[in-house]
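Inspection log for the structure reproduced underneath, given as structure tokens.
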Amino acid sequence: MRPELEDLDPFDLPEWLGVSDVTWSAESGVRSGHDVRGTLVADGGELPCDLLAVDDACPEPVADDDTRVRAHRAWQRGQVHVVTRAGRLTLAVPGSGFTADLVLDALSRLALAVGASPEHYTARLRIGTERRR
């Protein structure tokens, strides 16, 4: 059973995300699938922040249809759909997996959502191993 995804207003996130230099560090490999766990860190604090590719459906869908539609609509508008999953901030991103460019794009959109410049965000990636189906 997949964890529920609940919408989250970016304005409800900690203020330091919009005013500090922020580093997102991957805890799992970017190429390892639809779920990349990570953490946002700045002088103001630390916050778990995962990336979820909402279109992956094998062996079962990772997101319900409503969440997938919202993620695609936000992406088309240059935004990212922000949700919580199992108590963790999660960026719901169209697709079934991640590349370095897609991670950077998602984090840039998060920065804009909290009123920051993407210039103040840094990403530390783990490569990981491509999963085989």
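Each value in this text was obtained by applying a stated rule to the coordinates, not by laboratory testing. Quick caveat: nothing in here was measured; it's all calculated off a predicted structure. For neighbour counting, all protein chains shown are included, and Cβ atoms are generated from backbone atoms with ideal geometry for every residue, glycine included.
Within 11 Å, Cβ to Cβ, of Ser108, how many net charges do the neighbouring residues add up to if Lys/Arg are +1 and Asp/Glu are -1?
Summing Lys and Arg as +1 and Asp and Glu as -1 gives -2.
Using the basic label-point model (7 angstrom from Cα toward the beta carbon), what is the Glu60 to Asp21 distance in nanometres?
Using points 7 Å along Cα→Cβ, the separation is 4.4 nm.
Rounded to the nearest 10 degrees, what's the angle between the helix 100-113 long axis and the longest principal axis of the chain, both from Cα atoms, 0 to 90?
So the inclination is approximately 50 degrees.
If you build a Gaussian network model of the chain, linking Cα atoms that sit under 10 Å apart, which residue out of Gly38, Gly97, Gly78 swings the most?
Sorting by GNM fluctuation, first place goes to Gly78.
Which of the three applies to segment 11-80, rounded, prolate or oblate, going by the alpha-carbon gyration tensor with a ≥ b ≥ c and a/c under 1.5 meaning rounded?
The shape class here is oblate.
Test of understanding: what is the full-extension gain from Phe11 to Glu46, defined as 0.36 nm times their sequence separation minus their Cα-Cα distance?
Extending this stretch completely gives an extra 10.9 nm.
What shape does segment 5-124 have by the C-alpha gyration tensor, where a ≥ b ≥ c are the square roots of the eigenvalues, rounded means a/c under 1.5, and otherwise prolate means a/b greater than b/c and oblate the rest?
Judged from the Cα gyration tensor, segment 5-124 comes out prolate (a/c at least 1.5, a/b above b/c).
Compute the signed sum of charges (Lys and Arg +1, Asp and Glu -1) over the other residues within less than 13 Å, Cβ to Cβ, of Arg88.
Once positives and negatives cancel, what remains is -4.
Using only Cα atoms and rounding to the nearest 10 degrees, what angle (0 to 90) does helix 65-76 make with the longest principal axis of the chain?
50 degrees
How large is the charge dipole for the chain, taken about the Cα centre, if only the Cβ atoms of Lys, Arg (+1) and Asp, Glu (-1) carry charge, to the nearest 20 debye?
I would put it at about 520 debye.
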